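Shown next, in structure tokens, is the structure this report addresses.
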Amino acid sequence: MSRQMGDSHRRFLQTMMANGIIDEQGAKTLHQHCCQTHNAQYAPDRLDDFIDTINSKLQPMFMQIRKGMSEDNGHQYYALVNMVENDVTRMTSDYADNELELFRKMMDLIVGSEDGKLSSIDILNSADSMTTKKLKKSEVEHLLNRLVQDKWLSEKRGEYTLSTRCIIEMEPYIRTMYQDQVKVCHICHAIAFQCQICENPTCGIKIHNPCVARYFKGRTEPRCPACEDFWPHEIPEVRRLRSQ
Amino acid sequence: MSSRKRPSNPQSASQPRRQTGGSAAQEEDDDVAFTQPSTSQVQRGLEKVTEAQVDQKSAEVVQYFLLKDQKKVPVRRADLVKHVVKEHRNIYPEIIKRAARTLDQVFGLKLVEIDPKNHMYILVNNLETSGDASPTTRPTDPKRGLLFVILSVIFMKGGVVRENVVWNTLKKLRVDPGEKHDEFGDVKKVVTDEFVRQRYLEFQRIPHTEPVEHEFRWGQRAEAEVSKAKILEFMGQLHDRDPQSWTQQYKEAHSSQNSSQQAGGSSQR
Amino acid sequence: MKRARGGGDDEAPRQNGSAARRKGDPPHSDGVDAGSDFGPADLQDADNDPGLRREIRSKYRDLISSVQQNREDMLSPSNNRLTEVLEEANKLFKDVRQAREAALDAQLLVVATDLGKEKATQLFSEGTAFDPSAFAEHLLSVMGINRLEDEEDEQQNGGAVDGYLPQDAWHRVARRAECCFRTAPSFHYMFGSFHAEPPPPKQRTERQRKAPSKDAKRIMPTQLKKMDESHQEATEKEVERILGYLKSYYQDDPTSPISYYEFVIDPNSFSRTVENIFHTSFLIRDGLARLYLDNAKLPCIAPVEEGEVEAGVSCSRKQCILSISPKTWKELIDALDIKDTMIQPLNTQNE
């Protein structure tokens, strides 16, 4: 397998830069498109090899195209992430320092919350306790819109969650920084925000909603995979991949 | 345009010299804010650092170029040296050469020195936009539309226009520079400040005018990044006319440095 | 689609007269001749009449600025305004006596010559001239302009009047223009943009069922505390009670708007006002009521009709944040002259 990058790889990487995140189906189509545009050999089942080639060259810059699951629909996604924090990376100007402070506060609250969600009221209240330059309410609103638009947060009916892109990029950070608060899915072992929790107090394992759907699919009586207690929660449906 | 006058280096044992990836070669700058090290100084400097250190520095330089490009503001060499290269300034040419190579070979981006006097760098895409052919729709920036209109008017009007031409055209497109626009906010600021800082536009006072008047030209970034031939093609479609009927513009688009820069890419399509 | 003419239309263009005609015939010569017709004796008075002098200067300035303002439209080959300007200048020059006026005349001439030159270049340069107005018209089609039935060509001060543009108008231009640019895509990240720091230690041990309600409690007025455990339920009840009020006011007279502030403000209690605002926000969130601005840009509230509830889901939702302090509360009461509360407080009703 060639480890050398060609224009097809570069085009793929550039599209990842422009979009930040892309779902698996999208990545497959893009893979094909990039190979065809540059008359490169196209092996439909070699997407992950193709991405590995890119990743091997991105490594010195501490960048990576990383795969992860959406807590929302259970689909796989690819995100282009940064893996290092240093003097240079902190010079990014997408968000001001006080905006980043509020974002971190939001992460604190989301990680510490039961359901991985945060209402806009909670966010506004936490903006009151900022130590750097305080944000006005209208500025908070504007910031939230930008964070959603830039795909760092997701919003549904006034409640905010960390987006798939954010979780994929921030996972190592969250695991280190929130060691005693972070929840990990018993099935896929990735960190979990929106999940079901075993009600047996001595067990209490967590499972992502989509992982619940897949795990219990077709089982007549759902039982906790760890303690065998009855699983009392509603079992969601498996969400199908969009067909193309 | 890469290596013009680099003397040969007998001492390259530790550094196998490779070709730069067709990028702007900065090594030849003579007048500089910081003292540009000579080739022999670089050579001596390289002996004191490990290969890994040089690679690490150039990776940081790549990071820096990428993040500075988020806002499309050109990178000043002085800032690059001050914030990133730091104590390794004695081997600056080698570092930037490697960074340019990475940008080219990994990202498909070209490092271009747009202002040799003030040493400003920008990134330009080596790859042609695949446009509608691409399965993933890139997010579009409405400001790009605004910029396009202005660049087109300037180009079609012969390279320089008075500000009023631009404002009047925008007014006809429902954008009043005197009012806050839903998408662009303060239009005047976007056009005369943001686009100017990004070096897409030049906005200069016309001497001896009363009241004060300004004129617009293409900025250095536009010259490096925007294809006049493509604009003309678009104009042709728009006006349902042969692009060649704009004789002057056609000549300009197909003779200028601008078109020769684009030529390599167009053939890839 | 018709080509829009330049904004010069408002200047009632006259037919013939080429732009170039006047060029070889500068107002100077005419003016000098005309001036010499006057006898020295007549001059004395007119020369020193400050009112007349001022008027001449002001007319010159108007002419100069009219050329500067309408430059683009005057450049259009079909526009004869330049000729008219020069003719007017000729007339003015007859009365020019002082150096200041002559200077203005010279300035106008410079401006006019410059314009004439550009006009001529346009006419004689090889190939097709580029007309920004035509360009703009074509672009409007690309932008998906929605023209109103009859294209009202006469109105075009900046547009706005004829036809409206869709939301994504500029995105459309951007998409079409993309092929002309070789812009590098940029890389954005969140990790690494701030200092890694562990979160402040928090007594998160008492992380009970509904974590958010803890914070929600904080912003709710103390009075609500008595609802305690069934607190969520109580909120729901209160929301419904308020919806009842809103509906009955609306049914009393569906044509007269209900002022939002009048509805929520309790002039006797700030805290109840805050409660009302809080509860009313649920009505908005759940699509049971909607807010809109009246002609005076004041918010009004109306219940959403049964049938609309479902349909309304698809229409765009907007969030906004309302803050109220005792000071603004008092100001609103004064400004809106609120005497009574529209939402009877719960406890008084019970008692």
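All of the numbers you see were taken from the coordinates with simple rules; none came from a lab. Owing to the predicted nature of the structure, the values given are computational and were not obtained by experimental measurement. Note: ideal-geometry Cβ built from the backbone for every residue, glycine included; neighbour counts use all protein chains shown.
With the simple spin-label model, which puts each label point 7 Å out from Cα in the Cβ direction, the A:D128 to B:D240 separation comes to 6.4 nm. A Stokes-Einstein calculation at 25 °C with viscosity 0.890 mPa s, built on the Kirkwood radius of region B:39-125 over Cα pairs, returns a diffusion coefficient of 187 µm²/s.
Here each label is just a point 7 Å from Cα along the line to Cβ, and for B:F34 and C:D294 those points are 6.6 nm apart.
Taking other C-beta atoms within 10 angstrom as a stand-in for reagent exposure, C:Y250, B:Y92 fall in the order C:Y250, B:Y92, fewest first. What you get for region A:7-85, charging only the Cβ of Lys and Arg (+1) and of Asp and Glu (-1), is a dipole of about 300 debye around the Cα centre. What's the percent breakdown of Cα-Cα distances in region B:140-226 across 5 Å bins, shortest bin first? Once binned at 5 Å, the Cα pair distances of region B:140-226 give 3, 14, 26, 28, 19, 8, 2, 0, 0. A Förster radius of 35 Å, combined with the Cβ-Cβ distance separating C:A99 from B:R217, puts the computed FRET efficiency at roughly 0.45. Applying both filters, DSSP loop and at most 15 other Cβ atoms within 10 Å, to the trypsin sites (Lys or Arg not before Pro) of region B:30-128 gives B:K117. Using only Cα coordinates, the Kirkwood hydrodynamic radius of region A:182-237 works out to 11.1 Å.
Mind giving me the FRET efficiency for A:Q59 and B:V160? R0 is 51 Å, r the Cβ-Cβ distance, nearest 0.05 is fine. It comes to 0.60. Calculated FRET efficiency, B:A52 to A:K28, Cβ-Cβ distance, R0 = 35 Å: about 0.45 to the nearest 0.05.
Among A:S138, A:S93, A:S163, which one shows the biggest mean-square fluctuation in a GNM of chain A, springs joining Cα atoms closer than 10 Å? Maximum fluctuation in the GNM of chain A, among the listed residues, is at A:S93.
Region C:59-96 and region C:258-303 have their alpha-carbon centroids 57 Å apart.
The magnitude of the dipole of chain A, with charges of +1 and -1 set on the Cβ of Lys/Arg and Asp/Glu and taken from the Cα centre, is near 640 debye.
For region A:61-67, 3J(HN,Hα) computed residue by residue from phi via the Karplus equation (6.51, -1.76, 1.60; θ = phi - 60°) reads 8, 6, 10, 6, 9, 10, 9 Hz, glycine and proline entered as x.
In region C:321-345, whose amide N lies under 13 Å from the spot 7 Å out along Cα-to-Cβ of C:S269? List them in ranges. Inside the label zone: C:341-345.
In the calculated pair-distance distribution of chain A, the portion above 23 angstrom amounts to 58 percent of the Cα-Cα pairs.
Take chain A and mark each of the GluC sites (Glu not before Pro) that is in a DSSP loop with at most 12 other Cβ atoms within 10 Å; the longest unmarked stretch, sites excluded, is A:1-227. Residue exposure proxy: A:V140, B:V73, ordered by other Cβ atoms within 10 angstrom of their Cβ from fewest to most, comes out as B:V73, A:V140.
Legend: translational diffusion of region A:93-177 by Stokes-Einstein, Rh = Kirkwood radius over C-alpha pairs, 10 °C, 1.306 mPa s; D = 123 µm²/s. For region A:137-193, the set of trypsin sites (Lys or Arg not before Pro) satisfying both a DSSP loop assignment and a count of at most 15 other C-beta atoms within 10 Å is given as A:R157. Normalised by 2.2 N^0.38 Å, where N is the number of residues, the C-alpha radius of gyration of region A:45-116 stands at 1.42. Scaling against 2.2 N^0.38 Å puts the C-alpha radius of gyration of region A:7-85 at 1.06.
With the charge dipole of region B:140-226 set up from +1 on Lys and Arg Cβ and -1 on Asp and Glu Cβ about the Cα centre, the Cα lying farthest toward the positive end among the listed residues B:V191, B:F216, B:I154 is that of B:I154. Amide H contacts for B:D115 (H built 1.01 Å from N in the peptide plane; partners 5 or more residues away or on another chain; cut-off under 5 Å): B:M120. With the simple spin-label model, which puts each label point 7 Å out from Cα in the Cβ direction, the C:A106 to B:T247 separation comes to 3.8 nm.
Using the Cα centre of chain A as origin and beta-carbon charges of +1 (Lys, Arg) and -1 (Asp, Glu), tell me which of A:I174, A:G20, A:S138 is placed farthest towards the positive end of the dipole. About the Cα centre, the residue reaching furthest to the positive side is A:G20.
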